[in-house]
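Report on the structure given below.
What follows draws every value from the coordinates through simple rules; no lab data is involved. Please read all numbers here as calculations on a predicted model, not as lab measurements. Methodologically, a virtual Cβ is constructed for each residue, glycine included, from the backbone with ideal geometry; neighbour enumeration extends over all protein chains shown.
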């Protein structure tokens, strides 16, 4: 593995040591990206559109906050079920 380090003036010794001693990425995390990912997006459909455009399998859930985000109306609606 090749490591490239750029040292900026003003960084103290502790900061530089923290950069150099940064733990390696867990191999299981790397393996995650070696397989096909199935993505679920919730809410904003722009995310799913962007992923679909890149041929990433994606399932979009059209979710919106209850009562269009109005807390008072959501509170009233929650009382209907009790």
Residues 58, 39 arranged by fewest to most Cβ contacts within 10 Å: 39, 58
Footprinting exposure proxy for 45, 62 (fewest neighbouring C-beta atoms within 10 Å first): 62, 45
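Treat the count of other C-beta atoms within 10 Å as a stand-in for reagent exposure and order 73, 80 from fewest to most. Provide the component values of the computation, followed by the final result.
On the way: 73 12, 80 6.
By the 10 Å Cβ count, ascending, the order reads 80, 73.
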